[in-house]
Amino acid sequence: MIDELTELSTHIQQMSLKSRGSSIAQRRRRDPRQPAAAWVTTARIGYDTGTAISIVLSTIGCSYARGPHGGCTMCSYLLDGTSTQVSADDLVSQFETAMTKVATTSSPLSVKIYTSGSFLDPAEVPPEARHRILSLIAADDRIVQVILESRPEYVTESVLAEIQKALGTRDVEIGIGLESANDTVRLMCINKGFTLKDFERVVSLARGYGIGTRAYVLIKPPFLTERDALFDAIDTMTTAARLGVTTISVNPVDIQRHTLVESLWNSGQYRPPWLWTVVQALHQARQEIPSNVVIVCDPVAAGKKRGTHNCGKCDKAIVSAIRKFSLSQDVKDLEGFTCDCLMKWEHSLVHEDLSKVPHDHQQ
Amino acid sequence: MGKLMIQRGHDGPARQCTWKRDSLSLSTPQLVGPTTIPDLALVYVTATRDELSKTTSIVVLPSLIENVVPVVTDTTALIVAPTLAGIDGLDSEAARLTLTAQTRLIRQWDVAGEHFAIHVPSSTSLSDFRDIIRTSQELGVRAAVFHLDGSLGPRDLQAVSLRSQLPRNWLTVATGKIQPAFVPVLYYLGFDIIDASYAETAALAHRRLWRMESEVVTSWDTARYCGCHACHDATSEGPIEQTLLLHNMEMFHSLLSEAVHARAHGRLRWLVESLSHTSPSMASFLRLVDKRVFDFIEEFTPTVGSGTVPLIGPESYDAPAIKRWRDRLVARYTPPEGKKIVLLLPCSARKPYSDSRSHRRFIETIENSIGPARHEIAEVILTSPLGVIPRELERIYPIANYDIPVTGDWDAEEIRIAADALVSHMKKFPPDVVVIAHVSGGYAQVVQAAQDGIAQSIIYTIREGSATSREALDSLASTLRDMKEVLALHGGRSTLLEETLRATADFQFGPGAGMLLVPEGTSVSGKLYRRVICRDHGTQLASYLAENGLLSLTLDGGCRLSEHGSYWVRFDGEVLQGGSLFAVAVKDADEKIRPGDEVIILNKSNEVVAVGRSEMSGREMCDFTNGRAVSVRHRRK
Ligand code: SF4
Ligand SMILES: [Zn+2]
Ligand SMILES: [Zn+2]
Ligand SMILES: [Zn+2]
C-alpha cells in the first residue's frame, strides 16, 4: 500500500468510529436469558436437504467494534448486543431456549451459532459457556453440522483442539468474515483489521484439526464502484477456494444503522449492489471454483432500498433464484433472467468508473 | 507536449480551444460518453476493463486500489488518474489524501505527466487543492476531471469553486449526472469536456430529454412531436431505447452548439440566465455560483460588447458585467468639482439616455430654466439593476446596451440594490449639495429607501404621475429656478466634454487616470455622440468614441498612462513587430486587465512601445503560451 492509502485507512477508521457515534451507549438492555434471535430454515447439509437453525446469542458484542478500532465500516451487529457482560449460565440458557424451536425436528440438523461478534472470543463468550454449549451439541445426535463464527485472532490451536474433542466427526466449520481477498479493500475500505495472511493461517490450522472454514464474502464494500465490486467479489471467491475454504457465503452489503456505509448512503455516495452484480458474481465464481466448495447466498434486505436491489420489478424472482442456487449449486438456476433494468446496470458498470457518482441511488 | 491552445473570444470563463498532444488534436468544447453512444468524437473507456477504442479517448484508470499501470496509445487524449468511488462523501482530508496518492503515482509511473488528468473529489478544500495544483503543474499535468452529481447542491457548487482555481491553460472535464440544460452553464463556467452519458441513463429509463425538461415515452402514438431524425424514423417495432438515445444526444449536441454560438455573439450569459428557469434548483445554482465564484466569472467577462444586453430577471442582478459596473462606479468614479445640485432622473428605454425623448425633454427643461448653469448640476440616472449612472458614463458598456422589462414596479431587491448604490454615490458629494429627485413610482421608492443614508437635503419635484408630464416638468423648472437663486448658480462654459472624458478615463483605468490623460487646460473638441479628441499642447492623447463610450489611446497617451502603473502588458523583447502581441511573448501583465480593455504594451526596458486592445484577461496572458493577447492599434516604429 502506498503511504497515502495507509493514512487514508487510519482516517477511514476514525470516520467509521465517528459514524458509530454514541449509538453504542444507547444499546438496549436485553433479557440475558433470551437469544437475540433464532430462526429455522431448510438448508443444504452435505448432499442432503435438512433443517438449519441459526442462533444469534445475545452478548456484549464484537470486541473489535467496541474497542478503539471502531469496527467494520458496514457493520452494526454491535447494536444487537446488550450493554452489559452476559454470564456463562445465561449464554447456555439462551442456547437451550433457542434449541426448543427444533425440539421435535428430525435429523439431519445444522446448527449455526452467531453472536454479535465472535463466538470464540473469550471476552465475549466465556470459555465455560463455550464448553457447555459444545457439550450440549455433542449430546444431540441429530446435529451433523455445526458452524461457529469468529474473527481469526481467536482461532487458536487450543480452541480448535477443544472443538475437535467435543464434536468429533461432526462436520464443523468456522465462519470468518474474509470479506475481500484484497488487503487494501479489507483493511482500508472495510477497516477489518486483519490480513489475508491471517485468514490463510486459520484455514490451514483448522484443516489440521479436521475443521472446515466458511469464508464470508462481502459484495460491494464502500469506495468501490459497481464494477470494482463485481471483480473484487469474484476474485475473493476464487482466492478463498484456492486457500481451501469449505464453504463460501456471499453477503451483499445492506445498509446498517450508525455505520460509515450508512453515512455514505445518506449523502448519495453509496448504493447497495445491484442484484445483477450478485447474480453475475455467483455465476462466474461457481464455474471457476471446484464443486466441493459450496457457494451460498442469502441476501439481507434483498429487494429493499437498504439491501441489494434491482428495479423492483425483477427483484423477487432473482432473489428466489439466488436462494434456489444456494441449495442446488446449479448455475442454470441463475440464468435466463432479463428486465428493463439490466441495461441500466450495464450502463452503471461503465459510467461509474469515470463519474464515481452512484447511479439509481434511492432513499 | 500536451497543450491547450486557445482561440479568440470571451464570454465568461467559456473558451474554444484545441487540445494537442503529438499528432492528436481535439477541439473543445466537446461532449464525451461511453462507446455505446454512436458518433461521438470523444469516448471514455476504463483501462483493463473496456476494449480500447479507435476513437479519441479518455482512458480512466480503475480504482486506486487496483494499481493499473497506464499505457498511452495514439488515440489516448487523456489518462484519468485513479480515485475511489464515494470518497466525495467523506471529509476534505480524505480528498486530500486521494489527490496526493494520484500525484505520487503520476510521479512514479513511466508516463509523462502531460498525459494525465487529476481526478478531483468535490469534497476537496480550496487550499489543499491549490497545493495539489502546484505539485501537478510541476509534474506536467494540465488537466482535471470533476464530478457533478447533478443535484445542483453544495457538492456541485464546490466542484465549480474548485474548477475556478485551475490555471487557465488546463483542460477541464465535467463528469457525472449532467442534464442537457446544464451543458451551457458548465461551458460558461469553463468546462471544456462535458459528460453526456445521462443521454443513455435517461434513454434506458425510457426518458426523452428536451431542452428544459423530459418526458417518459411509453408509446410513439402518445409521445409529443419531435422533428429529429431519430424520432421521425422511429417505429413501434424498433428498440425504443436506441431511438431515445439518439434523440437525447441530439439534445446534448444542440444545447452545446447553442452555447458555442451564443458565446461567439456575446450572449452566453443571457442563454445561461434563460436556462436557469429550467428549475428552481438551477436558478438557485446560478445565483449561488455568481456569489461563490464571482471573481472567476468576472475576470473573463469582456468589458466591451456591441449587442443588446437583456437583463430579464433576478438572475441578472449579480451578473458579472452588471455587478462589476456597480462595484467600479463605487471604486473608480469621482464627481467633478463644483457641482451644487445632484439631479436624479429616471432611466429610459432608449440608450444612450440622452438620445431618448424623455431625457431630451429633461435637458431642454434644465437648459430653459437655468441655461449655462447646467454645468453645476450632476445628472444621475437611476436604473435597475445597475443602480446609479452619472451622465458622463451613459455611453459605456453595458450602460448603452442593457435592456430591461419595464413595468414601473420594482422588486425589493432592485430597490435595495439601487438605494445602496445611491447612498454610496452621494457620499462622494459635499454635504451642501442639494439633491433634486425628479422621479416617481419605483424610482421614488429607491430615493426614499436611500434617504436615511443620504446626508444632503432632498427635494422631490413630482407628487404623482410620470416624470415627463407637463406638470412634472414645470415643477422641475421652477425648482431649478428657485435653486439657481438660493445656491447662487452662475453661468459659464459647458464642462460636459472634459468631465465625460475624465470620468471615462477613471472608469477604464482607475482613479487618477482622468487627470493624467485630460489634465487641466487640455483641449477637447468634438461631439459626444460621435467622437471627441483630447489634445495636450497640440499632442493627441486619446479619443473618445461614442459607439462604445470608451477612450482609445495614442502612443503619447499610452506614455502618460504608464505613470499610472495600471493596464500594462510587458513583453519579452525590445521592439514589437506586427499587429498582435501573442501570449507566448508576454512576460507579465496587470491582473486587472479584462478581455476588451484598452492596454499599453511595455518592452523589457519598461518603455511604452504600443497601445491596443486586450483579447484576454491579464492572468490568461501569463498562463497561456499561445493565443492572441493584445490587438495592437499603434506601435512605435
Ligand atoms: S463485521 Fe464482524 S468483526 Fe467487523 S465489526 Fe462486525 S462483528 Fe465485528
Ligand atoms: Zn429489473
Ligand atoms: Zn450514467
Ligand atoms: Zn427526437
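The values are calculated or read from the model by the stated rules, or taken from the named source; none is laboratory data. Being a predicted model, the structure only gives us computed values, none of them experimental. In this analysis, Cβ positions are derived from the backbone assuming ideal geometry, glycine residues included, and neighbour counts consider all displayed protein chains. To get the accessible areas, we keep the full protein, side chains included, count just its heavy atoms, and leave off ligands, DNA and RNA. Shrake-Rupley method; radii C 1.70, N 1.55, O 1.52, S 1.80 Å.
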Checklist outcome for this item: Unpartnered Cys in chain B, judged by a 4.7 Å Cβ-Cβ cut-off, are B:C17, B:C228, B:C347, B:C534, B:C559, B:C622
Item to check | Sparsely packed trypsin sites (Lys or Arg not before Pro) within segment A:225-296, loop by DSSP, other Cβ within 10 Å at most 12 | outcome: A:R257
Item to check | Estimated vicinal HN-Hα couplings, Hz - segment A:38-47 in sequence order (Karplus 6.51, -1.76, 1.60; Gly, Pro = x) | outcome: 7, 9, 10, 9, 8, 9, 7, 10, x, 9
Checklist entry - Using the Cβ atoms and a cut-off under 12 Å, what net charge is assigned to the surroundings of B:S63, where Lys and Arg are +1 and Asp and Glu are -1? => result -3
Checklist entry - Of B:K339/B:K428; A:K344/B:K177; B:K351/B:K428; B:K177/B:K291; A:K18/A:K304, which sit over 18 Å apart, Cα to Cα? => result B:K351/B:K428; B:K177/B:K291; A:K18/A:K304
Item to check | Per-residue mean of C-beta atoms belonging to partner chains within 10 Å, peptide A:345-352 | outcome: 6
Checklist outcome for this item: Treating only Lys and Arg (+1) and Asp and Glu (-1) as charged, each at its beta carbon, one finds that segment A:3-355 has a dipole about its Cα centre, in Debye to the nearest 20, of 880
Checklist outcome for this item: Relative to chain B, whose Cα atoms define the longest principal axis, helix B:412-426 and its Cα axis are tilted in degrees, nearest 10, by 50
Item to check | Order of exposure, largest accessible area first, which applies to A:R170, B:R531 with probe 1.4 Å | outcome: B:R531, A:R170
Next on the checklist: As a test question: what accessible area, to the nearest 10 Å², does B:I458 have when a 1.4 Å probe is rolled over all protein chains in place?
Outcome noted: 40
Item to check | Chain pair A, B: total accessible area buried, heavy atoms, 1.4 Å probe, Å² | outcome: 3500
Next on the checklist: Once ligands and nucleic acids are excluded and a 1.4 Å probe is used, how much of A:T100 is accessible, expressed in Å² to the nearest 10?
Outcome noted: 90
Item to check | Within-12-Å neighbourhood charge of A:S93 [Cβ basis; K, R +1; D, E -1] | outcome: -2
Item to check | Between 0 and 90°, nearest 10: helix B:470-486 axis offset from chain B longest Cα axis | outcome: 60
Item to check | Average partner coverage of B:542-552, which counts Cβ from other chains inside 10 Å | outcome: 0
Checklist entry - Considering only protein heavy atoms and a 1.4 Å probe, what is the carbon-and-sulfur percentage of the accessible area of segment B:509-635? => result 46
Checklist entry - Counting pairs of Cα atoms in segment B:333-486, how many percent are more than 22 Å apart? => result 35
Next on the checklist: Need the C-alpha centroid separation for segment B:16-69 versus segment A:294-333, integer Å.
Outcome noted: 36
Checklist entry - Put A:T105, A:T82 in order of accessible area, largest first, 1.4 Å probe: what do you get? => result A:T105, A:T82
Item to check | Relative packing of B:547-560, B:272-285, which averages over residues the other C-beta atoms within 10 Å, highest first | outcome: B:547-560, B:272-285
Checklist outcome for this item: Candidate cut points under trypsin sites (Lys or Arg not before Pro) in segment A:307-363, DSSP loop plus at most 14 other Cβ atoms within 10 Å of their own Cβ, are A:K313
Checklist outcome for this item: Whole-Å distance linking the alpha carbon centroid of segment B:437-452 with that of segment A:37-52 is 85
Checklist entry - What is the distance in Å between the Cα centres of segment A:254-289 and segment B:528-573? => result 68
Item to check | Charge dipole (the protein assembly as shown, unit charges on Cβ, about Cα centre) - positive-most of B:T218, B:Y44, B:S552 | outcome: B:S552
Checklist outcome for this item: Of every hundred units of 1.4 Å-probe accessible area on chain A, the number belonging to carbon and sulfur atoms, as a percent, is 51
Checklist entry - Taking +1 at the Cβ of each Lys and Arg and -1 at the Cβ of each Asp and Glu, which of A:Y64, A:Y209, A:Y77 sits farthest along the dipole of segment A:3-355 towards its positive end, judged by Cα position relative to the Cα centre? => result A:Y77
Checklist entry - Once every DSSP H run of n ≥ 4 in chain B is given -39500 (n - 2.57) and the sum is divided by its residues, what mean residue ellipticity at 222 nm do you get, rounded to the nearest 500 deg cm²/dmol? => result -10000 deg cm²/dmol
Checklist entry - How well do other chains shield peptide B:94-103, expressed as the mean number of their Cβ atoms within 10 Å of each residue Cβ? => result 4
Item to check | For segment B:70-179: relative contact order, % (alpha-carbon pairs under 8 angstrom, 6 or more apart) | outcome: 25
Item to check | Loop-located trypsin sites (Lys or Arg not before Pro) in segment B:160-241 whose Cβ has at most 11 other Cβ within 10 Å (DSSP) | outcome: B:R224
Checklist entry - Å³ per residue of the Cα convex hull, for segment B:509-635? => result 99
Checklist entry - Considering only protein heavy atoms, what per residue accessible area in square angstrom results for segment B:3-297 with a 1.4 angstrom probe? => result 36
Checklist entry - Quick one: which of B:K54/B:K587; B:K484/B:K592; A:K220/A:K316; A:K313/B:K54 span more than 31 angstrom between C-alpha atoms? => result B:K54/B:K587; B:K484/B:K592; A:K313/B:K54
Checklist entry - Could you work out the helix-only [θ] at 222 nm for chain A, with each DSSP H run of four or more residues adding -39,500 (n - 2.57) and the total divided by the number of residues, to the nearest 500 deg cm²/dmol? => result -12000 deg cm²/dmol
Checklist entry - Taking K and R as +1 and D and E as -1, what net charge do the other residues with C-beta under 14 Å from the C-beta of B:E337 add up to? => result -3
Next on the checklist: Explain nothing, just the number: relative contact order of chain B, from Cα pairs under 8 Å at least 6 residues apart, as a whole percent.
Outcome noted: 10
Next on the checklist: If the only charges are +1 at each Lys and Arg Cβ and -1 at each Asp and Glu Cβ, what is the size of the charge dipole of segment B:249-297 around the Cα centre, to the nearest 20 debye?
Outcome noted: 180
